[in-house]
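Colleague: Structure provided below as structure tokens; questions to follow.
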Amino acid sequence: MDNGPMDATPTAAAFRLILLSKSNPVMGCYMFWTSLLVLKMLVMSLLTARQRMKTKTYANPEDLRLSRSTEVRFGDPNVERVRRAHRNDLENILPFLLMSLAYVASGPNPLTARLLIRIGASARLIHTVVYAIIPVPQPARALAFFTTFAITCFEAGYVLVCCIKYI
Amino acid sequence: MDNGPMDATPTAAAFRLILLSKSNPVMGCYMFWTSLLVLKMLVMSLLTARQRMKTKTYANPEDLRLSRSTEVRFGDPNVERVRRAHRNDLENILPFLLMSLAYVASGPNPLTARLLIRIGASARLIHTVVYAIIPVPQPARALAFFTTFAITCFEAGYVLVCCIKYI
Amino acid sequence: MDNGPMDATPTAAAFRLILLSKSNPVMGCYMFWTSLLVLKMLVMSLLTARQRMKTKTYANPEDLRLSRSTEVRFGDPNVERVRRAHRNDLENILPFLLMSLAYVASGPNPLTARLLIRIGASARLIHTVVYAIIPVPQPARALAFFTTFAITCFEAGYVLVCCIKYI
């Protein structure tokens with residue numbers, strides 16, 4: 001008497017429902033692009049540090065002896081540009097990552113979901129290049145910004161409809 | 001010989017343990033309110049842009065031609081108020097969302113958990129209204145602030161006790 | 001006829017694969033340290049408020065009557081130091097928490113993962129002490145900063161390799 005397959009079938013089917021696991025390709029895609037975006041955000045700290053050293057703009061007295069500066073300084077345009085780009089990341093990448101996780105957990109169409117995650121994350125990589133690394137004229141930055149913005153809104157709308165009964 | 005129910009029972013019971021899935025109403029509630037709060041945070045970017053256009057306060061040289069301004073400006077009080085509200089969101093909504101996810105994963109009482117998520121998220125919506133949209137006298141903003149603050153602390157305490165053995 | 005154990009074995013084995021559940025000690029460890037770091041971030045708001053009251057540096061007109069001040073003020077060095085430490089938390093703790101969640105979901109070696117989470121989180125607690133509470137000379141702050149920085153990078157690299165096929 002072999003009831004192995006009989007037991008295995010519902011379990012296997014049921015496990016496909018575990019959306020937040022790496023056996024779900026959408027979750028794998030989310031994890032890959034999350035890593036890239038997190039690395040990108042960490043690089044912003046290094047870019048800020050480089051600008052601070054280059055322009056000797058240190059915000060803390062205890063940092064001054066790093067370059068034998070004599071006083072703290074604020075508001076250097078090169079430092080502030082990188083800091084604005086970094087803050088823009090906090091305002092957009094972190095909500096995008098949290099929203100995408102809830103979106104993955106809502107079980108969307110795999111093809112659509114992977115496409116949205118790839119485009120949304122890539123647009124933020126481009127945003128950093130045109131904002132903090134090689135400033136280019138508008139609307140380059142605005143286009144990159146609104147691409148991720150629109151994708152995050154779509155994901156939020158999808159999850160709102162999907163979970164409205166749990167309000 | 002029908003051993004179907006015998007097999008189904010442990011599987012169904014076990015799947016109720018998958019807390020981070022949309023079959024768990026608490027997770028559904030979390031996903032719904034996460035979407036609302038993420039949308040609210042995105043709206044802050046639009047509010048900032050509106051104030052920048054209204055007061056012609058642009059922080060980047062490449063943005064100037066959007067309104068034929070001639071120089072970058074900083075520190076306009078209307079722009080700064082929206083930016084402070086936005087930063088306050090980063091400081092409070094993002095930790096609240098991460099903390100609530102860990103709280104959902106710790107398997108709390110469903111009624112309590114859904115109530116806390118609803119109140120915590122609603123208080124942040126009110127916070128934005130009384131801070132950035134229609135500034136009202138204190139203590140309106142402080143009350144909204146400390147409601148979510150206290151709920152996040154409670155969730156953290158609950159998870160700390162629940163997971164102390166994994167320290 | 002007792003086929004209970006036969007059914008239980010694959011189910012139990014399969015459930016060990018649910019990495020984002022509190023039955024996974026790595027997830028329990030993540031949840032514990034997430035709670036501590038979130039509490040630490042909330043305390044930064046209280047530290048800022050204490051400095052604002054002590055130095056009567058209020059950024060909003062509606063807050064003035066709290067201490068019978070007559071005008072808004074900005075740029076007090078004690079307030080700004082706590083605010084810089086808080087912003088540094090946003091830039092590093094939130095990516096660390098999101099990255100660690102993806103890392104836990106990628107099924108790393110449990111001993112390594114728990115060690116990285118403990119060290120990464122503890123370094124951020126030390127960072128706050130040496131930055132905002134008792135300012136000490138460098139390189140104390142830099143060491144604490146780069147510890148978590150390096151761990152987050154390692155986790156990102158691990159997940160990138162693990163999920164490269166889902167790019």
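The values are calculated or read from the model by the stated rules, or taken from the named source; none is laboratory data. Source: prediction; values computed, not measured. No Cβ is skipped: glycine too gets one built from the backbone with ideal geometry, and neighbour counts run over all protein chains shown. The area values use the complete protein model at the heavy-atom level, side chains included, leaving out ligands, DNA and RNA. Shrake-Rupley method; radii C 1.70, N 1.55, O 1.52, S 1.80 Å.
Colleague: Which ones in segment C:144-167 are open to solvent by less than 20 Å² (accessible area, probe 1.4 Å), closer than 18 Å to A:L37 by Cβ and among the small types (G, A, S)?
Modeller: Residue satisfying the conditions is C:A156 alone.
Colleague: Say whether the condition of being over 24 Å from C:P77 (Cα atoms), in contact with a His (Cβ under 7 Å, 6 or more places away or on another chain), assigned to a helix (DSSP H, G or I) and open to solvent by less than 30 Å² (accessible area, probe 1.4 Å) is met by at least one residue in segment A:100-111.
Modeller: So far as segment A:100-111 goes, no, none of its residues is over 24 Å from C:P77 (Cα atoms), in contact with a His (Cβ under 7 Å, 6 or more places away or on another chain), assigned to a helix (DSSP H, G or I) and open to solvent by less than 30 Å² (accessible area, probe 1.4 Å).
Colleague: Further question: Pull up segment B:87-116, narrow it to residues that are more than 9 Å from every other protein chain (Cβ to nearest Cβ) and not polar (S, T, N, Q), then point me to the one that is farthest from A:I167 (Cα to Cα). Can you show your working first?
Modeller: We begin by selecting, within segment B:87-116, every residue more than 9 Å from every other protein chain (Cβ to nearest Cβ); these are B:100, B:104, B:108-113, B:115-116.
Imposing the further condition that a residue be not polar (S, T, N, Q) reduces the set to B:104, B:108, B:110-111, B:113, B:115-116.
Values: B:V104: 15, B:P108: 18, B:P110: 13, B:L111: 12, B:A113: 12, B:L115: 10, B:L116: 12 Å.
Out of the qualifying residues, it is B:P108.
Colleague: Right, C:V72: β-branched (V, I, T) and surrounded by 21 or more Cβ atoms within 10 Å (Cβ to Cβ) or not?
Modeller: No.
Colleague: Okay, next question. Evaluate the following for C:V129: is it within 25 Å of A:Y58 (Cα to Cα), open to solvent by 20 Å² or more (accessible area, probe 1.4 Å), assigned to a helix (DSSP H, G or I) and aliphatic (A, V, I, L, M)?
Modeller: Taking the combined requirement at face value, the residue satisfies it.
Colleague: If you scan segment C:1-59, which residues turn out to be open to solvent by 10 Å² or more (accessible area, probe 1.4 Å), at pLDDT below 75 and farther than 24 Å from B:L101 by Cα?
Modeller: Selection gives C:M1, C:D2, C:G4, C:P5, C:M6, C:D7, C:A8, C:T9, C:P10, C:T11, C:A12, C:A13.
Colleague: Scan B:R118, B:R84, B:R65 and give me the residue that is at pLDDT 90 or above, basic (K, R) and part of a helix (DSSP H, G or I).
Modeller: Among B:R118, B:R84, B:R65, only B:R118 is at pLDDT 90 or above, basic (K, R) and part of a helix (DSSP H, G or I).
Colleague: So how many residues does segment B:144-159 have that are out of contact with any Leu (no Cβ under 8 Å at 6 or more places or on another chain) and more than 9 Å from every other protein chain (Cβ to nearest Cβ)?
Modeller: The qualifying residues number 5.
Colleague: Now for a different question. What number of residues within segment B:17-61 satisfy the criterion of being basic (K, R) and either at the interface with chain A (Cβ under 8 Å from one of its Cβ atoms) or more than 23 Å from the chain's Cα centre (by Cα) (or both)?
Modeller: Of the residues in that region, 4 qualify.
Colleague: Checking the conditions here, which among B:N92, B:N78 is assigned to a helix (DSSP H, G or I) and open to solvent by less than 30 Å² (accessible area, probe 1.4 Å)?
Modeller: Details: B:N78 fails: open to solvent by less than 30 Å² (accessible area, probe 1.4 Å).
The conditions single out B:N92.
Colleague: Oh, and also: Given the criterion among the basic types (K, R), touching a helix residue (DSSP H, G or I) at 6+ places or on another chain (Cβ under 9 Å), open to solvent by 10 Å² or more (accessible area, probe 1.4 Å) and more than 7 Å from chain A (Cβ to nearest Cβ), identify the matching residue among C:R124, C:R84, C:R141. Before you say what the answer is, go through the steps one by one.
Modeller: Numbers: C:R124 fails: open to solvent by 10 Å² or more (accessible area, probe 1.4 Å); C:R84 fails: more than 7 Å from chain A (Cβ to nearest Cβ).
Exactly one of C:R124, C:R84, C:R141 is among the basic types (K, R), touching a helix residue (DSSP H, G or I) at 6+ places or on another chain (Cβ under 9 Å), open to solvent by 10 Å² or more (accessible area, probe 1.4 Å) and more than 7 Å from chain A (Cβ to nearest Cβ), namely C:R141.
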